[in-house]
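Novice: Just dropping this structure here.
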Amino acid sequence: MKRRLGNRLQLLTGIVLMMAFLFFTDLLIVGIAAIRYHSVDYQYPKEILTHLSVNNGRYALDEQGTESLLKRGQFAMILGKDGNILWSVALPEELRKTYTLQDVAKFTRYYLEDYPVHSYVFEQGLLVIGGEKDQVWKYTLEFDVNLLNYLAKIVPLLLLSNIVVLVAVPTRIQKRRAKQREEERTEWIAGVSHDIRTPLAIVMGNAEMIAASTREEEVRQRAKSIETQGIRLRRLVDNLNLSGKLEFGAGKFEKQKVRIGRFLRKTLTEIMNQTEDDRYRFALEIEDSLQDSELCFNEDLVERAVMNLLHNAIRHNADGCKIEMRLYQDSKNHVFLKLSDTGKGVSKELLRRLNSRGYEWEFGTGQHGLGLKIVKQVADWHRWKLFFANGEQGGLACTIRLK
């Protein structure tokens, strides 16, 4: 209870600290932007008028005033009371015209032909200072009261959404920590698996040697039993290790093109050599069109999945059965691999669990457990579709769409 309370307090503290961090970060960003872009650097009108001289009705800006204006990339002109241009510097060609009262009213506070401008009234007329296009955003903002009322309603929702984000982020962090712990568990399993293999190999080697050297049938059978259980234990350890890697993406697996027919024949030959029991009959059927077909997959993973299905059929049908692998193609050119046996099959409840998306194997559940979970994990890793069903002649059938 205290641990849960401590975790909640830690989560709440994280949320508060994140809110404070986001608030001050926003203030800092806005402050930097305001300092950097606080205003447009227009030439001050009094500076222009100070450097501007009039001689017989002709205006002239001295060198210093002209250089200051051009340095800012701006232009200037004076409009007389009749709308004619009395003087200009760096004025764009399209602006050289006579301006009506309506024209002046349009550009006084905003833009003149898309050029941002400022206007200043003085005794002789109107001084207009403008900048480059697309460099200044200027508008007088006006808001409807209805908009302000709408903002009053929407702002609380925005704040609520921010709170949701602030809650979701620490939660995600906790999930990442949980995932990290699971990855550490996977690494631990891998380490234990490595440590088990060496003494297990010695036990199996001695059992094999005893079975080969003794003439006593009972001793030979006991040695064979030790070797069989050792193989089973090694397979279980390997499955645990592989399951963790697939679940948390710890392994580095690559796909390559494999001749599927040759791959299946090799795998079936290996299981037949391991079994050497007349109670089990094996069959392999490959459509002629798929004999030399190549598919892209990880050979080690798929071999483990197929071997798990075959071992599953052998282990759970002690009285013997026929085990068949069939590679075929449908009318839509989808390639399927079906592994089935004529054994005792499984219950409808277990079939439902096997075909469910969230099937999980638990220690102690016994039958049809970790091996079939790995089959599903391998299929998911390859993005293949997989389905378990009762076989046509009894037993369990697994169909995988490979392509």
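Novice: Order these peptides, 87-97, 52-62, by their mean beta-carbon neighbour count within 10 angstrom, highest first. Write out the running numbers ahead of the final one.
Specialist: Numbers: 87-97: 14.1, 52-62: 11.5.
Ranked from most to least packed, the peptides come out as 87-97, 52-62.
Novice: List the residues, sorted by chain then number, that are 5 or more residues from Phe122 or on another chain and whose placed amide H is less than 5 Å from its amide H.
Specialist: Under 5 Å from the amide H of Phe122 lie the amide H atoms of Leu127, each far enough along the sequence or on another chain.
Novice: Amide H neighbours of Leu396 under 5 Å, counting only residues 5+ apart in sequence or on other chains, H built in-plane at 1.01 Å?
Specialist: Amide H neighbours of Leu396: Asp341, Gly343, Gly345, Gly391.
Novice: Which cross-chain or sequence-distant (5 or more) residues have an amide H under 5 Å from the amide H of Lys403, H modelled 1.01 Å from N in plane?
Specialist: It is Val335, by chain and number.
Novice: Share of the stretch 304-346's accessible area from carbon and sulfur, percent, 1.4 Å? All intermediate terms of the calculation are to be shown ahead of the outcome.
Specialist: Working: 710 of 1800 Å².
That fraction is 40 percent.
Novice: For the stretch 166-177, just list the computed ³J(HN,Hα) in residue order, Karplus coefficients 6.51, -1.76 and 1.60, θ = phi - 60°, integers in Hz, with x standing in for Gly and Pro.
Specialist: Whole-Hz 3J(HN,Hα) from phi for the stretch 166-177: 5, 7, 5, 5, x, 4, 5, 4, 5, 5, 5, 5.
Novice: On average, how much area does the Cα convex hull of the stretch 265-403 cover when viewed from any direction, in nm²?
Specialist: On the way: hull surface 34.9 nm².
Over every viewing direction, the Cα hull of the stretch 265-403 projects on average to 8.7 nm².
Novice: Starting from the exponent 0.38 and prefactor 2.2 Å, build the expected Rg for the stretch 45-117 from its residue count and divide its actual Cα Rg by it. Each step should come with its number before you reach the end.
Specialist: Values: Rg = 12.6 Å, N = 73, 2.2 N^0.38 = 11.2 Å.
The value comes to 1.12.
The values are calculated or read from the model by the stated rules, or taken from the named source; none is laboratory data. The shown structure was predicted, so the numbers you read here are calculated from the model rather than taken from an experiment. Counting neighbours? That spans all protein chains shown, and the Cβs are built from the backbone with ideal geometry, glycine included. For accessibility, only protein heavy atoms count, side chains too; no ligands or nucleic acids. Shrake-Rupley method; radii C 1.70, N 1.55, O 1.52, S 1.80 Å.
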